[in-house]
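One structure, pasted below without further comment.
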Amino acid sequence: MKRTLFLATSALGAAFASGEPMKLVNIKTGFIVVEFKEGKAEFRDRFLEVEMKETGILIPPFLAKTFGDKEVIFLGDPLFEKAFIEVYYPLCIANVVYQWQN
Amino acid sequence: MKACLSNALSSYPYEWELTPQNSPTDPFVFEEGLLKEDLWSFGYFWSEVVRQFPTIEQLYRAIYDLHQKIETIKESFRLQAESFPEWRMEPNESRGVCGSYFLVDEEGERRFVVKPLDEDAGCIHSDGFATPFTSSPFRSNIPLYRSSMREVLAYRVAVAIGVGSIVPKTELGIFTSDQFHRFSEGIDGKELSRYFEECGPEGREKLCSVQEYVPHAKSLFEALHELEGGGLSDEEIAHRFDQTDFEDANILLWTNYDTDGHMGNFLVYPKGVDEIGNEILSLKKIDHGLAFPDKNRQLKNSLSYLPNAKRPLSAEGKAKIAAVDGEQLAKQFEQMGLESAVAALKERISILQALAKKTDITIQEIDRAMSKIGKKL
């Protein structure tokens, strides 16, 4: 199931790469966690935004090569969007309550 | 038992280097063949599997060894395992990357969360993240096949340092269930018979951590979004959390040097109400499979971004930290087979205790300092 999730997020990554704006939404409340638009991340979760700036996304060793051998990707890094979609979402958020929407 | 356990945990040859060639006396009989196609559903890890185990012979030797080690570890902990009722085992569909099941009683109530040792992400029977390796592909400095012990140790450490309410009670258990995932479920049908022939049958009886289920809880991630979505200010949000429990959760993360303290790994539940009827929330930390690293690197504590973290550590919090007995905790680590994590424990406890002595130091300041252990300034 989780492998499928990883592959699904890879597909999402491809959608993002094509420039489609996407947002991560709590489907129970409608709260938008983050929106990716024209290569920029707009966080509505103010705590998560600060965390992404200061702590960033830890890249697992097995994925390091696909992230330029970086151990951490911070908000503002050109690879942030990819890291959020392909690493942070599946490892830290993935939950039926939180879904990507156009 | 301890010596046996130490041997079982330390004798894995398959870290991150190539395995030695088999000797002529090997009990394995293989046709010569290089790994060419991922018939085992290694997926993301396939290229690394091929790099480390160029032949089927080497791969199956590693897996055979893992099966033996898993059995040895299970037997080493059998006497520590508690007995549980023979309730129904139900897959946890909203689990993280590690195998997880609910133990459900006769009334259909979830009573425990069961996590098999060998279904931790990166372990051979993981659903979706199986590897033949013995070090975690998700974190450096976290050896595999110790996750159940880490879960239990987190609870025991929490109790020992006076923050026991932060971790649901967790014990070891040994269970047999058809629900458990097995590596063979991901193997291509044309390879299955050779797999069983070379690696032997897969046991259904597994060593697991067994944690009390927390009813009426939601993730901190979700709870925060409800508060943010309601337009609450930082101060209003801080008021909604029990500050003592908040401090205790931080003290636990610093003590355990948790590398996976993201908001999805905290459960939030109502503890009471304030003077105008607002719920006061408390916290429980779940999922300690990536705590207790062998080196103090990559502390992850999302709590440090909440407004409660900007408050100074209380006198009670300082007293709890001052009372942490590193030597006693080290004994508990050793009892759970985590000797390799003791040096890092002692290093960070002395730093934490020095930080906590500083006047008016905030929770956030302690966290930032703890995050820098081992980093070059």
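Laboratory data are not the source of any read-out in this text; all were calculated from the coordinates shown. Source: prediction; values computed, not measured. A quick note on method: Cβ atoms are made from the backbone with ideal geometry, for glycine too, and the neighbour counts reach across all protein chains shown.
Hey, how many Å between the Cα centroid of the stretch B:220-242 and the Cα centroid of the stretch B:158-186?
Answer, in whole Å: 30.
How do B:C208, A:C92, B:C98 rank when sorted from fewest to most other Cβ atoms within 10 Å of their own Cβ?
A:C92, B:C98, B:C208
To continue, here is another question. Rounded to the nearest 0.05, what FRET efficiency is calculated for A:E38 and A:E71 with R0 set to 25 Å and r the Cβ-Cβ distance?
Numbers: r = 28 Å, r/R0 = 1.10.
Computed FRET efficiency for A:E38 and A:E71: 0.35.
Counting each DSSP H run of 4 or more residues in chain B as -39500 (n - 2.57), what helix-only mean residue ellipticity at 222 nm follows after dividing by all residues, to the nearest 500 deg cm²/dmol?
-11000 deg cm²/dmol
Fewest Cβ neighbours within 10 Å first, please rank B:C199, B:C123 accordingly.
B:C199, B:C123
A follow-up question, please. Report, please, the projected area of the stretch B:281-377 averaged over directions, based on the convex hull of its C-alpha atoms, in nm². Mind showing how you got there, number by number?
On the way: hull surface 28.2 nm².
Averaging across all directions leaves 7.0 nm² for the Cα convex hull.
Cα-Cα pairs above 41 Å in the protein assembly as shown: how many percent?
Within the protein assembly as shown, distances greater than 41 Å cover 18 percent of Cα pairs.
Within the set B:K74/B:K169; B:K169/B:K357; B:K320/B:K372, which residue pairs have Cα atoms separated by over 28 Å?
B:K169/B:K357
Okay, next question. Taking only the C-alpha atoms, wrap a convex hull around the stretch B:213-364 and report its volume per residue in Å³ as a whole number.
Numbers: hull volume 17.9 nm³, N = 152.
Measuring per residue, one finds 117 Å³ for the Cα hull of the stretch B:213-364.
Can you give the angle from 0 to 90° between the axis of helix B:326-335 and the longest principal axis of chain B, with both taken from C-alpha atoms, to the nearest 10?
30 degrees
May I pose another question? What ranking do B:H225, B:H67, B:H125, B:H216 get, fewest neighbouring Cβ atoms within 10 angstrom at the top?
B:H216, B:H67, B:H125, B:H225
Restricting attention to the alpha-carbon atoms of chain B, what are Rg (one decimal) and Dmax (integer), both in Å?
Here Rg and the maximum Cα pair distance are 22.2, 78 Å.
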